[in-house]
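The values are calculated or read from the model by the stated rules, or taken from the named source; none is laboratory data. If you're wondering where the values come from, they're calculated on a predicted model, not measured in any experiment. Here the Cβ is made from the backbone with ideal geometry for all residues, glycine too, and neighbour counts use every protein chain on show.
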């Protein structure tokens, strides 16, 4: 790759860094750390960048790569023995305990119990993506996006009620 393409790539990564971290965060497990997932996504974006044809928004393209990378990483991870670490638990214990943080933590804990595909759909919704953008990223129809979101929201409500 030439220097201009590298600069452009780094600019894109910087611009969408938070979005990539949010996707990776939802797929973080004991064996798949946030940094591992982020690094894997960034590597896949780097590999695919020369082939990006700008037929869709850059954010849509990056979401697709991030979601597919995380889902594939998790599938491979199922064959790895579980490693127990305290870092995530310690992080939550040392964090400020205000009401919003507590609610967000509970929401993410519930979302982590969803299937990988359900996680990706609800993440896009929480990122305030339009139904059209969600359909484009996931390959669903608009009607199917609406149906899936409705079912996921209901599933989360039921999960919350059971946990109370």
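Observations on the structure shown:
- Scanning the stretch 122-132 for residues that are part of a helix (DSSP H, G or I) and either at pLDDT 95 or above or surrounded by fewer than 19 Cβ atoms within 10 Å (Cβ to Cβ) (or both) yields 125, 126, 131, 132.
- Per the conditions (1) assigned to a helix (DSSP H, G or I); (2) over 13 Å from residue 59 (Cα atoms), the sole criterion not satisfied by residue 13 is (2).
- Test: residue in the stretch 56-71 that is modelled with pLDDT under 85 and part of a helix (DSSP H, G or I): yes
- Qualifying residue in the stretch 74-86 (condition: at pLDDT 85 or above and either touching a helix residue (DSSP H, G or I) at 6+ places or on another chain (Cβ under 6 Å) or under 21 Å from residue 46 (Cα atoms) (or both)): no
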